[in-house]
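The values are calculated or read from the model by the stated rules, or taken from the named source; none is laboratory data. Given the structure is predicted, the values throughout are model-derived calculations rather than measurements. Cβ coordinates were reconstructed from backbone atoms using ideal geometry, including for glycine residues, and neighbour counts include every protein chain displayed.
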Amino acid sequence: MEYLIAVMLFAISSSVTPGPNNILVMTSGVNFGIKKSLPLLSGICVGFTVMLLLVGFGFAQLFELFPQLHFIIRCIGTLYLLYLAWLIAKSAGVMDTNTTNSQPKPLSFMKGALFQWVNAKAWVVSTGAIAAFTTLESNFYSQNLTIALTFLLVSFPCVGIWLLFGSMLKKLLKSEQNMRWFNYSMSGLLVLSVVPVINEIIIQLS
């Protein structure tokens, strides 16, 4: 029971604190409302759960064998986050890059799920959770499954709070100018969230 409580507290603290996922969800809530943003929310929560399982089942060992692969993924992820920040800043909403329509659309379930693999915070949380809450002496796979299911249950309300907050802000940001400044602010926060990762990449390259 103590083990489950510890995992749950870690899941809550890491899911509810600011990060790329929550910034995207809140921005989507402001621009598109709760209903249209639910696929993005679901994709983030389910995608991170799948990521946790795969990291626990061998991705960590893969990166130990091929450390350059992890570095490449971090570089690609950082560039993608900066690209998303640019999209948020230049439009009234988060643009769906696959659409041929000029109207902005919220990110889809699949994009929310795949986004976890280029999200630096998701990598830190997933590897940290597996390292901290699994032991080789016990049933490793059972522990890994427990961690993943706990995050799945906890992440929906924790990330959902940001979506709800964004939807509430939508009522206050009625003018185009206010909406623009909000998107500029969220774009800036997204850039700030990857600054530590950029610094680490620069150090590795130098």
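The listed residues are ILE23, ILE12, ILE76, ILE72, and the only one of them that is among the β-branched types (Val, Ile, Thr), surrounded by fewer than 16 Cβ atoms within 10 Å (Cβ to Cβ), more than 15 Å from MET110 (Cβ to Cβ) and touching a residue at least 40 places away in the same chain (Cβ under 8 Å) turns out to be ILE76.
Going residue by residue through the range 98-106, is there one that turns out to be modelled with pLDDT of 70 or more, basic (Lys, Arg) and buried (at least 18 other Cβ atoms within 10 Å of the Cβ)? Looking for residues that are modelled with pLDDT of 70 or more, basic (Lys, Arg) and buried (at least 18 other Cβ atoms within 10 Å of the Cβ), one finds none in the range 98-106, hence no. Where residues in the range 118-131 are within 9 Å of the chain's Cα centre (by Cα) and not in a loop (DSSP other than H, G, I, E, B), which of them is surrounded by the most Cβ atoms within 10 Å (Cβ to Cβ)? Top of the filtered list is ALA122. Step by step: first the residues of the range 46-69, then only those that are out of contact with any Ser or Thr (no Cβ under 9 Å at 6 or more places or on another chain) and aromatic (Phe, Trp, Tyr), then the one that is surrounded by the most Cβ atoms within 10 Å (Cβ to Cβ). Which residue is that? Looking at residues that are out of contact with any Ser or Thr (no Cβ under 9 Å at 6 or more places or on another chain) and aromatic (Phe, Trp, Tyr), I get PHE57.
State whether one or more residues within the range 107-117 are at pLDDT 80 or above and touching a Leu at 6+ places or on another chain (Cβ under 6 Å).
Going residue by residue through the range 107-117, those that are at pLDDT 80 or above are 107-117.
When the remaining residues are screened for being touching a Leu at 6+ places or on another chain (Cβ under 6 Å), the result is 107, 112.
Yes, the conditions are met somewhere in the range 107-117.
Residues that are at pLDDT 85 or above and crowded, with 17+ Cβ neighbours inside 10 Å within the range 157-176 comprise CYS158, VAL159, GLY160, TRP162, LEU163, GLY166, SER167, listed in sequence order. Residue count for the range 189-206 satisfying the condition of being of a type in the set (Ser, Thr, Tyr) and closer than 17 Å to VAL118 by Cβ: 1. Entry remark, the range 26-45: residues being surrounded by fewer than 24 Cβ atoms within 10 Å (Cβ to Cβ), under 21 Å from LEU172 (Cβ atoms) and not β-branched (Val, Ile, Thr) number 4 in total.
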